[in-house]
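Enquirer: Have a look at the structure that comes next, please.
The values are calculated or read from the model by the stated rules, or taken from the named source; none is laboratory data. Everything quoted here is computed from the prediction, not taken from an experiment. Backbone-built Cβ (ideal geometry, glycine too); neighbour counts: all protein chains shown. With ligands, DNA and RNA removed, areas are computed over all heavy atoms of the protein, side chains included. Shrake-Rupley method; radii C 1.70, N 1.55, O 1.52, S 1.80 Å.
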Amino acid sequence: MTKRILCFGDSNTWGYCPYEYRRMDERWTRHLDGGLDELEVIEEGLSGRNAVCIDTFQPEKSGFKDFKTAILTHHPLDLIVLMLGTNDLKSSYHSSARFIANGIRQYVREYMNPTLFEGMPTPALLVVAPILLADHLPELQGPGGTFDAYSVEQSKLLADEIQNAIAPYPVYFLDASKYAQASDFDGIHMDEANHQMLAQALSHKIQEIFSQTVQ
């Protein structure tokens, strides 16, 4: 039986190449393995998408409303993979890891809305804390860069804050930074090798989730 997975995220879900502006073919969403089941992977990655913060000039990059729309568009689903938070670390927002994590919790609360899946099976939700910003990112970008030292500091706190924020809810969690890292070239985006490593970790987690859930 085919399992349907919705992958909702930002440029590291879209497959942004750290070396040039293009979408990589070898992105993690294309290398998921659900075990014995066939997978239909629905890619909902958007470069620059925020979890919480609203860009004055690009308000469409705020993901919260689109999250619900994507679920309604694509159900029935067996699993939702949510990986956001990196763009909220931009220096223009000066957001703390806890603030971002509390925003991620709102996605979980929306997922828990019983009206969201009326007449449809309720999929599992896997919340993925994003990879870390590279330590040398502020030096790479310079004084006028998008991310600063505070961004990097909060990046290192984000996984624990997300895990704590969603702990009361019946959802799954994975810390991407334990399996993959940003390219040294731009300090933000994964290269193809790291997409592969993240795909492997996510595949193991997905197989675990599917072994525990009964549709």
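Enquirer: Select from region 7-47 the residues that are among the hydroxyl-bearing types (Ser, Thr, Tyr) and under 18 Å from residue 79 (Cβ atoms) and write down the one among them that is surrounded by the most Cβ atoms within 10 Å (Cβ to Cβ).
Expert: The extreme case among them is 13.
Enquirer: Inside region 158-170, can you point out the residues that are in a helix (DSSP H, G or I) and either under 15 Å from residue 103 (Cβ atoms) or touching a strand residue (DSSP E or B) at 6+ places or on another chain (Cβ under 7 Å) (or both)? Give the derivation first.
Expert: Initially, region 158-170 is screened for residues in a helix (DSSP H, G or I), giving 158-166.
The answer is 158, 159, 161, 162, 163, 164, 165, 166.
Enquirer: Could you list, in sequence order, the residues of region 146-165 that are of a type outside the set (Lys, Arg) and open to solvent by 20 Å² or more (accessible area, probe 1.4 Å)?
Expert: Correct list: 146, 148, 149, 150, 153, 157, 160, 161, 163, 164.
Enquirer: So residue 109 ticks every box in (1) open to solvent by 10 Å² or more (accessible area, probe 1.4 Å); (2) touching a strand residue (DSSP E or B) at 6+ places or on another chain (Cβ under 9 Å); (3) over 23 Å from residue 32 (Cα atoms) but one. Which box is left unticked?
Expert: (2)
Enquirer: Looking only at helices (runs of 4 or more DSSP H) that fall completely inside region 62-157, which ones have 3 or more residues that are among the basic types (Lys, Arg) and over 16 Å from residue 176 (Cα atoms)? Please lay out each step first, then the result.
Expert: Details: elements: 64-74, 97-111, 137-141.
The helices (runs of 4 or more DSSP H) meeting that bar are 97-111.
Enquirer: Out of the residues in region 62-106 meeting the condition of being touching a residue at least 60 places away in the same chain (Cβ under 8 Å) and open to solvent by 50 Å² or more (accessible area, probe 1.4 Å), tell me which one is nearest to the chain's Cα centre (by Cα).
Expert: Going through the qualifying residues, I end up with 105.
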